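Colleague: One structure, as structure tokens, below. Some questions next.
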Amino acid sequence: MMHTEFRNTKVICFDLGNTLIEFGPRQIANQYKGLTSKLTEMFGSCDSAKLKAIRDRQIVAPYHDGYRENDVEECCRELIEEIYTVKATVAQVEELAEERYNIFVEIIELSDVILPLLTDLAKSYKLGLLSNFPCSRSIRDGVERLGMTQFFDAIVVSGEVGWVKPDPRPYQVLLDQLQGDPSECVYVGDNWLADVQGSKGMGMKSILTTEHLPYEKFDHNPGDFEPDKIIGRISELRALFL
Ligand SMILES: [Mg+2]
């Protein structure tokens, strides 16, 4: 039975990392390990603590730069040049970026509940996906490999838009593609700033999921929007929408 507070919902939009797939400390650690191996192969022994410090800084950089999304190749260039104090060639930057893509597509996994949930929701709602990630190809190919592409009426990646959630621009691209009225859209995500503040700012309803441990933490600020609902498991959407 439909939950009354979400009665007029026509569109359900999802964040990807830590919402539909786990992308927390364990996955980030695996990504850093993969980058360390690749850099070791390319340039010799890699200072993994330095790599971690640079990557940790890069991950949150868009939130301190007017929500401008990172450029993947620029991030790869920074890694090479700061760790090895060399000038990176275009080919080296591209080789590292390609490895970064491969690592992402390989490490992401889907829990058993997601495909059945999306199957059932897609029967009654338009579904959208909006992910903050600089490499659009990683998200699109990763989502395809996990068998989820077919469920989404629109997929938008911040790397294609140039700005990250909570900036209104990626949300607007998603809403335009879905031809959705924000008041009839619910956004489901794990990130207080990007997902809750972003979607509420657009006039959407917001559901915060706390199922997975996030890697980056954002402070709550006075005057912040509150989510319309907090869920501890993504499968709780069944009781709310089906
Ligand atoms: Mg997320």
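The values are calculated or read from the model by the stated rules, or taken from the named source; none is laboratory data. What you see is a predicted model; the values in this text were computed from it and never measured. Here Cβ is always computed from backbone atoms with ideal geometry, including for glycine, and neighbour counts include all displayed protein chains.
Colleague: Counting only residues that are crowded, with 24+ Cβ neighbours inside 10 Å and within 16 Å of the ligand (Cβ to nearest atom), which one in the range 158-185 is nearest to residue 137 (Cα to Cα)? Explain how you work it out, then say what you get.
Modeller: Step one: of the range 158-185, the residues crowded, with 24+ Cβ neighbours inside 10 Å are 158, 164-166, 170-171, 174, 185.
From the residues that got through so far, the ones that are within 16 Å of the ligand (Cβ to nearest atom) too are 158, 164-166, 170-171, 174.
Numbers: 158: 11, 164: 16, 165: 18, 166: 21, 170: 16, 171: 19, 174: 17 Å.
Of everything passing the filter in the range 158-185, 158 is nearest to residue 137 (Cα to Cα).
Colleague: Considering only the range 7-23, state which residues are closer than 20 Å to residue 165 by Cα and either more than 12 Å from the ligand (Cβ to nearest atom) or in a helix (DSSP H, G or I) (or both).
Modeller: Step one: list which residues in the range 7-23 are closer than 20 Å to residue 165 by Cα, which gives 11-23.
Across the range 7-23, the qualifying residues are 11, 12, 13.
Colleague: Anything in the range 24-75 that is assigned to a helix (DSSP H, G or I), touching a residue at least 60 places away in the same chain (Cβ under 8 Å), within 29 Å of residue 192 (Cα to Cα) and not hydroxyl-bearing (Ser, Thr, Tyr)? List them, or say none.
Modeller: 25, 27, 28, 30, 31, 34, 35, 59, 60, 62, 72 - these are the residues of the range 24-75 that are assigned to a helix (DSSP H, G or I), touching a residue at least 60 places away in the same chain (Cβ under 8 Å), within 29 Å of residue 192 (Cα to Cα) and not hydroxyl-bearing (Ser, Thr, Tyr).
Colleague: Inside the range 105-132, can you point out the residues that are under 24 Å from residue 170 (Cβ atoms) and either outside the structural domain of residue 155 (by TED's automatic domain parsing) or aliphatic (A, V, I, L, M) (or both)?
Modeller: 105, 107, 108, 110, 114, 117, 118, 121, 122, 127, 129, 130
Colleague: Output the residues belonging to the range 47-82 that are surrounded by fewer than 19 Cβ atoms within 10 Å (Cβ to Cβ) and more than 27 Å from residue 170 (Cβ to Cβ).
Modeller: Residues satisfying the conditions are 47, 48, 49, 50, 51, 52, 53, 81, 82.
Colleague: Condition first: among the aromatic types (Phe, Trp, Tyr) and at pLDDT 95 or above. Now tell me which residues in the range 174-221 satisfy that.
Modeller: Within the range 174-221, 187, 192 qualify.
Colleague: Shifting gears a bit: Please enumerate the residues belonging to the range 173-197 that are assigned to a loop (DSSP other than H, G, I, E, B) and either within 16 Å of the chain's Cα centre (by Cα) or among the charged types (D, E, K, R) (or both).
Modeller: Listed by number, the residues that qualify are 181, 190, 191.
Colleague: Could you check the range 186-197 and list, in sequence order, the residues that are of a type outside the set (A, V, I, L, M, F, W, C) and either within 11 Å of the ligand (Cβ to nearest atom) or within 10 Å of residue 13 (Cβ to Cβ) (or both)?
Modeller: Of the range 186-197, the ones of a type outside the set (A, V, I, L, M, F, W, C) are 187, 189-191, 195, 197.
Result: 187, 189, 190, 191, 195.
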